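Novice: Pasting a structure below so you can have a look.
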Amino acid sequence: MNDEKKKQVAIFRFGVINDFVSPTRLAWGERQRLLKEKCERPWQIPFSNRTRLAPATIRSWIRAYEKSGQQLESLYP
């Protein structure tokens, strides 16, 4: 996968997690509701035939993004 495709995937992933990593902190119950909502909806995932996301996947993207100091590159595949 070339750098442009990796960047497209990272931008998609950021679009999924942006509600969780914004400066406005969500209450725990709101975070859980939002996570469930994101996992239940179908997605057009770049360069993948999959259409669903698992909670663990979204949580891992959030951890990677926060651990990196909010660097988009941390969301590259």
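Novice: From the list Pro42, Pro23, Pro55, Pro46, exactly one residue is under 22 Å from Asn2 (Cβ atoms) and not basic (Lys, Arg). Which is it?
Specialist: Working: Pro42 fails: under 22 Å from Asn2 (Cβ atoms); Pro23 fails: under 22 Å from Asn2 (Cβ atoms); Pro55 fails: under 22 Å from Asn2 (Cβ atoms).
None of the others qualify; the one that does is Pro46.
Novice: Could you look through the stretch 14-53, keep only residues that are over 22 Å from Pro77 (Cα atoms) and in contact with a Leu (Cβ under 8 Å, 6 or more places away or on another chain), and pick out the one that is modelled with the lowest pLDDT?
Specialist: Residue satisfying both the conditions and the ranking: Leu26.
Novice: Can we say Ile11 is of a type in the set (A, V, I, L, M, F, W, C), at pLDDT 95 or above and under 10 Å from the mean Cα position of the chain (by Cα)?
Specialist: Values: of a type in the set (A, V, I, L, M, F, W, C): yes; at pLDDT 95 or above: yes; under 10 Å from the mean Cα position of the chain (by Cα): yes.
Taking the combined requirement at face value, the residue satisfies it.
The values are calculated or read from the model by the stated rules, or taken from the named source; none is laboratory data. These numbers were taken from a predicted model, which means no experiment stands behind them. As a convention, Cβ positions derive from the backbone with ideal geometry for all residues, glycine included, and neighbour counts pool all protein chains shown.
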